[in-house]
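Have a look at the structure below, then the notes.
The values are calculated or read from the model by the stated rules, or taken from the named source; none is laboratory data. Just so you know, these numbers come straight off a predicted model, no measurement behind them. Don't worry about glycine lacking a Cβ; one is built from the backbone with ideal geometry, like all the others, and counts go over all protein chains shown.
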Amino acid sequence: MITTPPLIALDGISKAFGPVQANQDISLAFRAGKIKSLLGENGAGKSTLMSILAGRLQPDKGRILVEGQPARFRTAQDAINVGIGMVYQHFMLVEAMTVAENIFLGYPGPPLLKPSVMEDRVAALAEEVSLTIDPRARVSTLSMGEKQRVEILKLLFRENRILIFDEPTAVLTPQEADQLFEALRQLAAQHKAIVFISHKLDEVMALSDEIAVLHKGRVVADTAATTIQSKAELAQLMVGREVILQVARDPFEARQRVLRISGLDDGELQDIHLELRQGEILGLVGVAGNGQKPLVETVCGLKPPMSGTVRIMGQDWHRFFKGRRWDGNLAYIPEDRQGLATCRDLSLTDNLLLTTRHGFAVGPWLQHRKAENKMAELSTSFNIVPPNPRLMARQLSGGNLQKMVIAREFFRRPRLIVAEQPTQGLDIAATEEVWRLLLKARERAGILLVTGDLSEALALADRVAVMFEGRIVDTFPAEDQEKIKRIGLMMAGSADDDPPRRQA
Amino acid sequence: MLSIRAYKRQEPLQWRSCLVFLGAVLLSLAISALLLQVHGKPALHGLRILFAGAFGSLWAIEDCLIKAIPIFLCSLGVAIAFRLQVWNIGAEGQFALGAIGATGVALAFPDLPGYGLLPLMAAAAFLLGGLWGLIPALLKLRMQANEIIVTLMMNYIAILILDYLVYGRWKDPQSFGFPMTPEFGPGAIVGKIGSTNLNWGLVVCLVTGVVVWVFFRFTRLGFEFRAAGENIRASRYAGLPYQRLVCLAMVLSGALAGWAGLLEASATINRLQPSIMVGYGYTAIVVAWLARLNPLTIGLASFLLAALRVGVENLQLDLQVPAAFGGIMEGLILLTVLAGGFFMEYGLKLRRTA
């Protein structure tokens, strides 16, 4: 069989950030006329890979082949020159300009442009690829779906051959998403290579010719879409099953109830019922974006519940957050440790004080010296490197910053801990340490562990709850092997194994 | 071929940042000299007159200190708001309201002795200045109104209120039609220190400066200001009362500017009149940035910019330079120092490329 070389091929690409292997030995091919989906959890390495393709990051190892010829992308311009274009989640458009002006913006040409000529050329292009748009419309008046069309036209106008879409449906209504898919199929028919990044299984199944799944920086599957039997199979691939680590876990007597949610409902969340007791870890698993975020924000006081009841330590939500004490209470270890849990330009001591300031206050004064000593002590006992309380938060590596956040939150002696993707982006050694710390904290607290990594949930949790589209599909003990086998199905939102849905 | 490449500094510059600052000020002086030259004035001679005017005599230095008082108080206030990343451009209006509040009390109780009247005037200046700061804070929090626009617009409202009062209700019947209030009674005047020309406002500056410094450095509330200013999301995460902090910052900010207005009316001109508004509130913004919001350096920067005003007055007299020259120099200093901020964050490397 004679095959033309793929438009772009990655060959053994590896990229590490410090000890974290973001991409490991990745080989993928993108062919003209094919829609290839890249599926993976947050932190699986999708964005790193795309940044390498777009010339914004340099791989540590491996080659990029353009039509079979090795190429090096030293700058973003190199990638643009071979025809790679990206549509980002956040559109890069000038709102005050018209569609035609946006498309011509930055396009090399004569210094003077006639608006009517610009508009005619854009209209002709839009017709050719049947993406209807009014070239004279101001971008600020367009819907999200229309803005996305402008982004696509921008790439086509520059004759890009490889179009990468980073979670393009996140901002679209279902109808707009359907229109986008129609457009993507048309573009593929015109011999473009389409890369579709998503973690929405339905879309990937419906749209793709080929599917590649990334998990922890590796390609765990790369195959024609027809060979994938079901969404469940994809979900399983995404979250992985392989147990990379095992930590000793003794069963605990579950004691006092620390969290009780019943009938929580707010548009995104639907009729959530949940209970958590001191001494147990409840692993909340699911594909990202299925309601974990609003649930966590509600439990942690960032978002009031709209209907239903949330009781923390036996107190009503509003009462609890009105008079909350700094210690013996609720601790939240957020996924976003750099932007939410810490201030990057404050010292570690100040970051310790962020949530524990009431513990170091005497009258109006703050005992800074005492806090600094405490931070030094915590650095030693939690193995934070380097153990210097005067360093700025931004000077710590991701793993050490995470340990700092955990040390701080555990110092508050919480009875309810919400840990969100606590080991995302950490290397194996740091992951193991964080797991041990969580298990130790279980002696005193109930832990809600929100994770997209099934092996983490299985290693730590006493009970597992599965979320899909804002609902908790099922909750069961971690020993229930029958249910565990069906977790993939539950995460895909179906009780029965559905056949793949593909249109022509 | 040689090319220059910027790289981000890992370590802060520390003491060498002084050199950057000095370089920026020298550059702005050089540009000012160039402007003088273009204008047909002797440039070096002009700079010499400028310096002599500001530092050449004890009287000149006293004058600098007197002008530094309102600038310092306004700037300290502005810096409190800036710490929280709330952009209060309204010190000018808050200054006017403070002067109005103090004058209202002074005119209402002309016969009270100083120990009774001055605290009342201070309270009134604090309240009205603080209120003028609180309004944009509430509009920002409740209606997402941009505080830069609101505080700026409210400056004009404040000045018009001041004009309305001194042209109308509060106008001195014996002023021959000039827009000014009657002169304050002796109880309403902040006196001079010993035999100098300096008034006790200088001591108010020292005390408030130290209080603000202690507040930011050693109190829990001060820490909450710093943390909330660093990262709004983190402040919500940590349960900081962000909305209350914004209101408090704007009230304090306005109140300090209000006190500056009080001192200017009471100690410097002994009455209220439109010429009290000479743009101290805007200079304060320049000062706050130059001093990087630190209360101690705000003191130094206030003195330097006050000296610039005094020096330019001298330059105007001797070389017939237009009054706007002072504003131009102020702007140049701010621009060069802000541009110099680049070198605090980045270093430059020379590179030989093939």
I'm checking my understanding of the structure. Among residues of segment A:352-377 that are among the polar types (S, T, N, Q) and touching a strand residue (DSSP E or B) at 6+ places or on another chain (Cβ under 9 Å), which one is farthest from the other protein chains (Cβ to nearest Cβ)?
A:367
Among the strands (runs of 3 or more DSSP E) contained in segment A:42-124, which hold 2 or more residues that are closer than 17 Å to residue A:28 by Cα and hydrophobic (A, V, I, L, M, F, W, C)?
A:61-66
Hey, any hits in segment A:378-392 for a residue that's buried (at least 20 other Cβ atoms within 10 Å of the Cβ), in a helix (DSSP H, G or I) and away from chain B (no Cβ under 14 Å)?
yes
Could you grab me the full set of residues in segment A:321-351 that are more than 9 Å from chain B (Cβ to nearest Cβ), at pLDDT 90 or above, in contact with a strand residue (DSSP E or B) (Cβ under 9 Å, 6 or more places away or on another chain) and farther than 11 Å from residue A:405 by Cα?
A:330, A:347
Can residue A:369 be described as assigned by TED's automatic domain parsing to the domain that holds residue A:329, surrounded by fewer than 17 Cβ atoms within 10 Å (Cβ to Cβ) and outside any helix (DSSP H, G or I)?
no
Within segment B:206-238, the count of residues that are within 14 Å of another protein chain (Cβ to nearest Cβ), out of contact with any strand residue (DSSP E or B) (no Cβ under 9 Å at 6 or more places or on another chain) and polar (S, T, N, Q) comes to 2
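Rundown of residues vs (1) touching a residue at least 40 places away in the same chain (Cβ under 8 Å); (2) within 15 Å of residue A:87 (Cβ to Cβ); (3) not in a helix (DSSP H, G or I), yes/no style:
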position: A:145; (1), (2), (3): no, yes, no
position: A:148; (1), (2), (3): yes, yes, no
position: A:178; (1), (2), (3): no, no, no
position: A:181; (1), (2), (3): no, yes, no
position: A:211; (1), (2), (3): yes, no, yes
position: A:214; (1), (2), (3): yes, no, yes
Taking the criterion of being within 14 Å of chain A (Cβ to nearest Cβ), among the small types (Gly, Ala, Ser) and in contact (Cβ under 8 Å) with a residue 60 or more places away in the chain, would at least one residue in segment B:239-255 satisfy it?
no
Over 30 Å from residue A:488 (Cα atoms), assigned by TED's automatic domain parsing to the domain that holds residue A:315, modelled with pLDDT under 90 and within 28 Å of the chain's Cα centre (by Cα), is that true of residue A:428?
no
Counting only residues that are within 29 Å of residue A:401 (Cα to Cα) and surrounded by 17 or more Cβ atoms within 10 Å (Cβ to Cβ), which one in segment A:304-320 is farthest from the other protein chains (Cβ to nearest Cβ)?
A:313
For segment A:159-194, how many residues meet the condition of being of a type in the set (Ser, Thr, Tyr) and either out of contact with any Asp or Glu (no Cβ under 8 Å at 6 or more places or on another chain) or at pLDDT 90 or above (or both)?
1
Within segment B:286-297, is there a residue that is within 14 Å of chain A (Cβ to nearest Cβ), at positive phi and under 14 Å from the mean Cα position of the chain (by Cα)?
yes
I'd like to know if segment B:155-169 contains one or more residues that are part of a loop (DSSP other than H, G, I, E, B), modelled with pLDDT of 90 or more and farther than 20 Å from residue B:257 by Cβ.
no
Is there a residue being in contact (Cβ under 8 Å) with a residue 60 or more places away in the chain, more than 22 Å from residue A:358 (Cβ to Cβ), in a helix (DSSP H, G or I) and outside the structural domain of residue A:22 (by TED's automatic domain parsing) anywhere in segment A:410-425?
no
Restricting attention to segment A:16-40, the residues that are under 22 Å from residue A:211 (Cβ atoms) and without any contact (Cβ under 8 Å) to a residue 60 or more places away in the chain number exactly 1
Single match in A:282, A:295 (criterion: out of contact with any helix residue (DSSP H, G or I) (no Cβ under 7 Å at 6 or more places or on another chain), closer than 12 Å to residue A:450 by Cα, assigned to a helix (DSSP H, G or I) and away from every other protein chain (no Cβ under 14 Å)):
A:295
